[in-house]
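Participant: A single structure is presented below for examination.
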Amino acid sequence: MSFSDYASHDGLGLAELVKKGDVSPGELAEEAIARIEKHNPALNAVILKLYDLGREMAKAPADGPFKGVPFLLKDAFGDIAGYPTRLASRFRAETPAKEDAVLAKRFKAAGITILGKTNVPEFTLLPTTESTLYGPARNPWNLDHSTGGSSGGSAAAVAAGIVPMAHANDSGGSIRIPASSCGLVGLKPTRARTSLGPDYGDVLSGFCHEHVVTRTVRDSAAMLDCIHGNEPGDPYVAPPVNGRFLDELKKKPGKLRIAFSKKNPAGASLHADCVQGVEAVAKQLADLGHEVVEAAPPLNADEPGNIFLPLWAAWLASEIEGEAARRGRGPKDDELEPLTRGLWEVGKTVSAAQYLMLVKEAQALTRRIASFMQTYDVWLTPTLAAPPIPLGLINVNEPDPIIAFAPTVDYVPFTPIQNITGQPALSLPLCMSESGLPVGMMFSARFGDEATLFRLAAQLEEAMPWKDRHPHVWN
């Protein structure tokens, strides 16, 4: 293998080279390390370098489908024993995790080589990856623009060809937003498809989901094969999986009934690039033989924000106060960003009764959307309401959340919906803006039906290929 070919292979492709003996896991690790050193000064994607760990893992990788493949963990929830997870917060002590998370164990069993942890916003709160502790992650398509959040460091590293895939998680769009912003494949699985053990049963009453961002559909499917499944004591169990997700890519999706939307739930218009993108994809789907109808589920104008934001703030309060209990003190003035502190203050005002009422509202919304999905196999929208925003648009030093989020109030109208409902949703890099930035398209399916999404994604990957489309910072 010529090292110049490294980034032309996805994760399964690199693993196949290892299997054939064309390259060793150690050589792949060194190539990825060299690319981190080359590109990270511009991107700020990797905030904790674990080269020694990766070199040791490469000496005897697990014999999984991704044997020897370089990999990065997100600085949120992907705990590995002996190393801290800080969530980009100065208040989170640099205390090493005592044990691997279930997810990390499954990643390791897949054969990957962990080389570092990736950038996130403080407490994963933002649809962009900017924090005082780590600084902004920069989009490899345009360094002045956001990578999306909160898995923005992972997305930047994958998009730039540093690694073929990286850990990501999603409580309101944090897999799909960076995937859209950086031109990647990003699946948020069905609720409880992956375990949050041992430290969490759920996060945000089931809103949080774990997976990866990738450059190919098959890597996403194959990694989900490796990490799905519940653990004893998990509060929810996802519907059973029949066979392998990777095998779904070989199957035709059949004639699907697909709804598409060009406006947000409040009826407001989207950016012209996003509208053009969804129209082009809807036409392509019709040309592929699907029944395509413009339609949207019955949502009230302020949904899901009126449900999601108070719950999100309450979760933040529980995390900060849990950390305070562990440390024996609350955060000092300079240990939380002003915006985080402002959201914490909001979260502390949400009573237990109000929280449970919001959960009830979320469940009612879920029933309405589930009814809509009985008519349609898939719902298509742009992942975001506009191309990636400029860095600095959200001011983390603004303590009033209403003021801080005002410039982006309509930026993320769709992705929180599937966190509330638990449906699987997949962002695909099908479109580009006039200014040369990625514009992802999001496909939502019925609860438990990742299989349909993977079959459709494989069809679109062939019909509207993105393999040879690369950012300015690449390889």
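Since every read-out is calculated from the coordinates, none of them should be taken as a lab result. As the structure is a computational prediction, the values presented were derived from the model and not from experiment. Virtual Cβ from ideal backbone geometry, glycine too; neighbours counted across all protein chains shown.
Participant: With a length cut of 18 Å (Cα positions projected on each helix's long axis) and a Kyte-Doolittle mean of at least 0.0, go through the chain and give me the DSSP H helices that pass.
Facilitator: Sorted by number, the helices that extend far enough and score high enough are 272-287, 305-327, 352-375, 450-463.
Participant: Rank by packing, highest mean first: peptides 124-137, 146-159, with packing defined as the count of other Cβ atoms within 10 Å averaged across residues. Kindly include the intermediate steps, with their values, before the conclusion.
Facilitator: On the way: 124-137: 25.7, 146-159: 34.1.
Listed from highest to lowest mean packing, they are 146-159, 124-137.
Participant: In addition: Compute the signed sum of charges (Lys and Arg +1, Asp and Glu -1) over the other residues within less than 11 Å, Cβ to Cβ, of ASN419.
Facilitator: Combined, the nearby Lys, Arg, Asp and Glu give +2.
Participant: At 7 Å along the Cα-to-beta-carbon direction for both ASN242 and PHE372, put a label point, then send me their distance in nm to one decimal.
Facilitator: Each label point lies 7 Å from its Cα, and together they span 2.7 nm.
Participant: About the Cα centre, and with charges only on the beta carbon of Lys, Arg (+1) and Asp, Glu (-1), how big is the dipole of segment 79-233? Nearest 20 debye, please. All intermediate terms of the calculation are to be shown ahead of the outcome.
Facilitator: Numbers: 15 positive and 14 negative charges, 41 e Å.
My answer is approximately 200 debye.
Participant: Which lysines, if any, have their Cα less than 24 Å from the Cα of LYS98, not counting same-chain residues under 8 positions apart?
Facilitator: LYS98 reaches LYS49, LYS59, LYS74, LYS108, LYS117.
Participant: Name the long-range amide H neighbours of VAL292: under 5 Å, sequence gap of 5 or more, or other chain; modelled H, no Pro or chain starts.
Facilitator: ILE258
Participant: Mind giving me the FRET efficiency for TRP474 and SER351? R0 is 45 Å, r the Cβ-Cβ distance, nearest 0.05 is fine. Present the calculation step by step, with values, prior to reporting the outcome.
Facilitator: Details: r = 50 Å, r/R0 = 1.11.
That gives a FRET efficiency of 0.35.
Participant: Note down the nm distance, to one decimal, between modelled labels 7 Å out along Cα→Cβ at SER269 and at ALA301.
Facilitator: Once both label points are built, they end up 1.8 nm from each other.
Participant: GluC sites (Glu not before Pro) within segment 13-108: which are DSSP loop residues with at most 16 other Cβ atoms inside 10 Å?
Facilitator: Numbers: sites: GLU16, GLU27, GLU30, GLU31, GLU37, GLU56, GLU94, GLU99; in loops: GLU94, GLU99.
When the GluC sites (Glu not before Pro) of segment 13-108 are filtered for loop state and at most 16 Cβ neighbours within 10 Å, GLU94, GLU99 remain.
Participant: Of the labelled options (i) 41, 22, 20; (ii) 39, 29, 19; (iii) 29, 28, 21, which one gives semi-axes √(5λ) of the Cα gyration tensor in Å as computed for this structure?
Facilitator: Step by step, semi-axes √(5λ) of the Cα gyration tensor in Å for this structure corresponds to label (iii).
Participant: May I ask for the distance between the Cα centers of segment 39-58 and segment 196-269, given as a whole number of Å?
Facilitator: 27
Participant: While we're looking at this one, here's another question. What lysines could a cross-link reach from LYS348, if we take a straight Cα to Cα line under 26 Å and drop same-chain neighbours fewer than 8 places away?
Facilitator: By straight Cα distance, LYS348 reaches LYS332, LYS360.
Participant: If you don't mind, there's one more thing I want to ask. Where nothing but the Cβ of Lys and Arg (+1) and of Asp and Glu (-1) is charged, how large is the charge dipole of segment 3-463 around its Cα centre, in debye to the nearest 20? Don't skip to the answer; put the middle values down first.
Facilitator: Working: 44 positive and 54 negative charges, 149 e Å.
So the magnitude is around 720 debye.
Participant: Divide by every residue of the chain the summed helix terms, -39500 (n - 2.57) for each DSSP H run of at least 4, and state the resulting mean residue ellipticity at 222 nm, rounded to the nearest 500 deg cm²/dmol.
Facilitator: On the way: 15 runs with 176 residues, N = 475.
Computed ellipticity for the chain at 222 nm equals -11500 deg cm²/dmol.
Participant: Would you mind checking which residues have amide H under 5 Å from THR214's amide H? H placed 1.01 Å from N; only 5 or more apart, or other chain.
Facilitator: Hits under the 5 Å cutoff: VAL185.
Participant: Under 5 Å between amide hydrogens, which residues at least 5 positions from ILE47 or on another chain qualify, with H placed 1.01 Å from N in the peptide plane?
Facilitator: LYS117, THR118, ASN119
Participant: Let me ask something else. Which whole-number percentage describes the relative contact order of segment 3-463, with Cα contacts under 8 Å and a sequence gap of 6 or more? Present the calculation step by step, with values, prior to reporting the outcome.
Facilitator: Details: 1058 pairs, mean separation 76.2, N = 461.
So the answer I get is 17 percent.
Participant: Starting from the Cα-Cα distance between ALA81 and ASP202, subtract it from 0.36 nm times their residue separation and give me the gain in nm to one decimal. Don't jump to the answer; show the numbers that get you there.
Facilitator: Details: separation 121, 0.36 × 121 = 43.56 nm, distance 2.06 nm.
Answer, rounded to one decimal: 41.5 nm.
Participant: If you take the Cα atoms of segment 29-97, find Rg, then find the Kirkwood Rh from the mean of 1/r over all pairs, what is Rg/Rh? Can you show the working numbers first?
Facilitator: Working: Rg = 13.3 Å, Rh = 13.5 Å.
Looking at segment 29-97, the ratio lands at 0.98.
Participant: Further question on the same structure: Summing Lys, Arg as +1 and Asp, Glu as -1, what charge do residues with Cβ under 14 Å from the Cβ of PRO387 carry, PRO387 excluded? Show your work: numbers first, answer last.
Facilitator: On the way: positive: none; negative: ASP144, ASP273, ASP410, GLU434.
Local charge sum for PRO387: -4.
Participant: Right, something else. Counting Lys +1, Arg +1, Asp -1, Glu -1, what net charge surrounds THR129 among other residues with beta carbon under 15 Å of its beta carbon?
Facilitator: Values: positive: LYS74, ARG86, LYS117, ARG138, ARG176; negative: ASP75, GLU122, GLU130, ASP144, ASP170, GLU337.
Result for the local shell: -1.
Participant: Would you list the P(r) distribution for segment 320-475, with all Cα-Cα distances sorted into 10 Å bins from 0 and each bin expressed as a whole %?
Facilitator: Percent of pairs per bin, in order: 9, 24, 29, 25, 12, 1.
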